[in-house]
Amino acid sequence: MKQTINLDSISIVLVRPKFPENVGSIARAMKNMGLHRLTIVNGCSPLHMNAYKLASGAEEMLERAEEYFTLKEAVSEIGCVVGMTSRKGQERSPLLTPKALVKKLLPISRNNPIGLVFGPEREGLTNGELSLCNLLVKIPSSESFPSLNLAQAAMVLCYELFQFNATVPDRAPLLASSGDLERMFEHMERTLVGIGFLDPKHPKTMMRVLTRIFGRSHLDEREVRILQGIWSQMDWHIRNKVNGQRPKV
């Protein structure tokens, strides 16, 4: 059976937006394309008069918008976090196109919250913010002028989501939340430092690579619990220096 991607599962997350006009334009684009969940992270107020002017019929989107101080807080309960970037780099790959992204999101959109994260107008998302994302997207554009206006970029993603139809599996996995993944990665970092795999003075460089690898795997809740069990078992052996024994439960 053909089904449209579940738009109710998707949040548009704007990190440190500076111009209320962009926020208003994005609210209107979201309503045009059937999306309803808007989140603002440490940015201009969605209730600013200029945001209302550009929303033009989508004012309720601004009034329902959720606000957070940090991106980590905003995505803590989101299963799949998608970061938008216009820059390339070793830590910013692989980069999906909007069409490729939608195909990846379709099988999980029925049972899992999804966040599409856009950075501020001038500098975009930081490497630290991108490390919270499971997937990265770059909108194809002219190499001589690749940077899109924030509202334009959001509209491109909203349109691709709205128009895409495909077969949705009967059972979609329940992905681990961003908060669960963050706690697992923190545990993993401590364990890998303990066994000498990570440099204790500079663990984050390799951890960004590892979080990207695991992020592409779309771990579900059970898989995260299994990995947490592995780290815990390794921790016990580090403490006790005894092979072949299991900790008492």
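The values are calculated or read from the model by the stated rules, or taken from the named source; none is laboratory data. The structure presented is a predicted model; accordingly, all values stated were derived computationally and were not measured. Reconstructed Cβ throughout: ideal geometry from the backbone, glycine too, with neighbour counts over all protein chains shown. Side chains are part of the model used for accessible areas, which takes the heavy atoms of the whole protein and leaves out ligands, DNA and RNA. Shrake-Rupley method; radii C 1.70, N 1.55, O 1.52, S 1.80 Å.
Here are some pairs, Lys72/Lys103; Lys31/Lys53; Lys204/Lys241; Lys103/Lys138; Lys72/Lys138; which of them have Cα atoms lying more than 18 Å apart in this structure?
Working: Lys72/Lys103 26 Å; Lys31/Lys53 15 Å; Lys204/Lys241 26 Å; Lys103/Lys138 15 Å; Lys72/Lys138 21 Å.
With Cα atoms farther than 18 Å apart: Lys72/Lys103; Lys204/Lys241; Lys72/Lys138.
Let me know the shape class of the stretch 1-139, please: from the alpha-carbon gyration tensor, a ≥ b ≥ c as square roots of the eigenvalues, rounded when a/c is under 1.5, otherwise prolate if a/b is greater than b/c, or oblate.
On the way: a/c = 1.72, a/b = 1.19, b/c = 1.45.
Oblate, because a/c is 1.5 or more while a/b does not exceed b/c.
May I ask you to give the solvent-accessible area per residue for the chain, in square angstrom, as obtained with a 1.4 angstrom probe? All intermediate terms of the calculation are to be shown ahead of the outcome.
Values: 13290 Å² over 249 residues.
Here the per-residue accessible area is 53 Å².
Measuring from the lowest to the highest alpha carbon on each principal axis, how far does the stretch 72-131 reach, largest first, in angstroms?
If we take the Cα atoms of the stretch 72-131, the spans are 33, 27, 20 Å.
How much net charge surrounds Pro113 when only other residues with a Cβ under 10 Å from its Cβ are counted (Lys, Arg +1; Asp, Glu -1)?
-1
Treating the chain as a set of equal point scatterers at the Cα positions, no solvent, please give the Debye-formula log₁₀ I(q)/I(0) at q = 0.09, 0.11, 0.14, 0.15 Å⁻¹.
Scattering profile of the chain, log10 relative to I(0): -0.43, -0.62, -0.94, -1.04.
May I ask you to order 216-224, 7-15, 176-184 by the average number of other C-beta atoms within 10 Å around their residues, highest value first?
Working: 216-224: 15.3, 7-15: 21.7, 176-184: 19.8.
My ranking of the peptides, most packed first, is 7-15, 176-184, 216-224.
For the Cα atoms of the chain, what angle does the longest principal axis make with the long axis of helix 150-163, in degrees from 0 to 90, nearest 10?
80
Using a 1.4 Å probe over the heavy atoms of the protein chains, calculate the carbon and sulfur portion of the accessible area of the stretch 1-119 as a whole percent.
Numbers: 2840 of 5430 Å².
Of all accessible area on the stretch 1-119, carbon and sulfur atoms account for 52 percent.
For Lys99, give me every one of the aspartates and glutamates with a C-alpha distance below 13 angstrom, ignoring sequence neighbours fewer than eight places off in its own chain.
Filter leaves Glu160.
For the chain, what is the calculated [θ] at 222 nm in deg cm²/dmol (nearest 500), taking -39500 (n - 2.57) for each run of four or more DSSP H residues and dividing by its residue count? Present the calculation step by step, with values, prior to reporting the outcome.
Working: 10 runs with 106 residues, N = 249.
The helix-only estimate for the chain comes to -12500 deg cm²/dmol at 222 nm.
Hey, can you rank 96-102, 149-155 by average C-beta count inside 10 Å, highest first? Before the final figure, lay out each step's value.
Working: 96-102: 16.9, 149-155: 20.4.
Ranking the peptides 96-102, 149-155 by packing returns 149-155, 96-102.
Roll a 1.4 angstrom probe over the protein heavy atoms and tell me the percent of accessible area of the stretch 127-166 that is carbon or sulfur. Before the final figure, lay out each step's value.
On the way: 1080 of 1910 Å².
That fraction is 57 percent.
Please determine, in degrees from 0 to 90 and to the nearest 10, the orientation of helix 20-32 with respect to the longest principal axis defined by the Cα atoms of the chain, where the helix direction is its Cα long axis.
Between helix and principal axis, roughly 90 degrees.
Against the longest alpha carbon principal axis of the chain, how many degrees, from 0 to 90 and to the nearest 10, is the axis of helix 221-240 turned?
So the helix axis and the longest Cα principal axis differ by about 30 degrees.
Local charge sum around Ser178 (other residues, Cβ-Cβ under 9 Å, Lys/Arg +1, Asp/Glu -1)? It would help to have the intermediate numbers written out before the result.
Values: positive: Lys72; negative: Glu77, Asp180, Glu182.
Net charge in that neighbourhood comes out at -2.
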